[in-house]
Amino acid sequence: MSTTTKRRGRPEAPVTAPISTAPSAPLRRYGPRVAWTMTASGWSANQFSALLGAYRTGTGLSQSAVTGLFAVYVVGLIPGLLAAGPLADRYGRRPVTLTALGLNLLSTCLLMAGATAPWCLLPGRFVTGVGAGALLAAGSAWVKELSSPPYDPDGPPATAAKRAGMFVSAGFASGGLAAALIAQWAPAPMVTAYLPHLALAVGAGAAAYRAPETLPACALPGAAVPPKAPVPWSRFRRTILPLAPWVFAAPTIGFVTLPGLVAGGLTGWQTVYAGVATALAPGCGLAVQPLARLLATRHRLVRGTAGPLTIALGLAVAAAAAATAQPWWALAATAVLGAGYGLTLSFALTEVTALAPRTALARLTALFWALAYLGMFTPYVITALSAVFGVPALLRTGALLAVLSCVLFGWLNRSRRAVTPRCPG
């Protein structure tokens, strides 16, 4: 007799196979696709930096006017960062990032129009800052989450934390060099130098457009993060605040301050030299990432102090370059400063990712970038004080301050151990 019986009046339920939890198709790796928006952000920032000399000679703008245009970028960037972080934590990473990329495109169009209408340069640089800041705030969080489970199950946690920084560094390096080479040899350099960024930004938008929103999925299985998880501000102040301004103080000294000090020996090659310096600093920052990964296995004090100590060495070499006006010494100093930038940025992004709750990741990332970009005012402080103290003395003082930052960081964290990140990846 059969062991299967039928219930009266009810049809027998069909036998179904168990539901498989395996994905029907391989998961797409959206993290690297969206990270190209970070490259567009870095490219837009440094393409103008490499053209500072060309604007002085080609448009008749004064040194103070060109310096002011460079500073307007930071004036727009800080509110862009501080506004986009909370917006991305509330409305999502995707809409804020794509909107910021649109502003990034608009800013380059305004700068191109500045070749015939110089008044467009001021709003162009301001919108560049706003768009770049919003991209860094929302895009960094989006890239990090897309580079982590469940969107990238095999993504290494260290790569997820630092991917945005690596892609933005690639943009810093490439944008300045490409703009300088075009400005040196191509016709209509104030227009053609910006064309690569237009192509890059459009391509980055196309690559990121189909990427999913990550904010609704911030509470992953096994990671119980309350809707309003507390932010560990004390740890942020101990680990990030002493180091963040050095992130951009170091490379901007290398590609803004030093080229002008050695320009006397670069007749006819000032623009190319500025482009090489602009690429060298972030390029060396990328090159030291294997060392940063090695240091990540050591004590937090070692990881945190390696960057500023390298910057202190770079400032000492920069002081020698400023005293002798030797272009090669200036490039050597820029390379060391770039290495310090890469080590400091890698440590800071990893720390921010570790301490931030998912619901505040974009906000804390934006605050870090805002503190880091304050360092971009360093060349103007040096220019303002150089008539009284001299550039070599100021650079040596900067080296001493970098060492003191290491001492302060070590003292604040002397009895602290690394904290496990709140969410995986």
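The values are calculated or read from the model by the stated rules, or taken from the named source; none is laboratory data. Predicted, not measured: the structure shown is a model, and the values here were computed from it. These area figures cover heavy atoms from the full protein model, side chains too; ligands, DNA and RNA do not enter into them. Shrake-Rupley method; radii C 1.70, N 1.55, O 1.52, S 1.80 Å.
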Using a 1.4 Å probe and ignoring any ligands, DNA or RNA, find the accessible area of residue 109 and quote it in Å² to the nearest 10. 70
Sorted by accessible area (1.4 Å probe), largest first, how do 43, 119 line up? 119, 43
Please report the orientation-averaged projected area of segment 102-191, defined via the convex hull of its C-alpha atoms, in nm². 6.8
Could you give the length gained on full extension between residue 209 and residue 374, defined as 0.36 nm per residue of separation minus the Cα-Cα distance, in nm? 56.3 nm
Sorting 373, 30 by accessible area (1.4 Å probe), largest first, what list results? 30, 373
For 380, 341, give the ranking by accessible area with the largest first, probe 1.4 Å. 380, 341
A 1.4 Å probe over the protein heavy atoms gives segment 73-214 a carbon and sulfur accessible-area percentage of 75
Rounded to the nearest angstrom and ordered from largest down, what semi-axes does the equivalent ellipsoid of segment 244-328 get from its C-alpha gyration tensor (root of 5λ)? 28, 14, 9
Probe of 1.4 angstrom, ligands and nucleic acids ignored: what's the accessible area per residue over segment 122-198, in square angstrom? 28
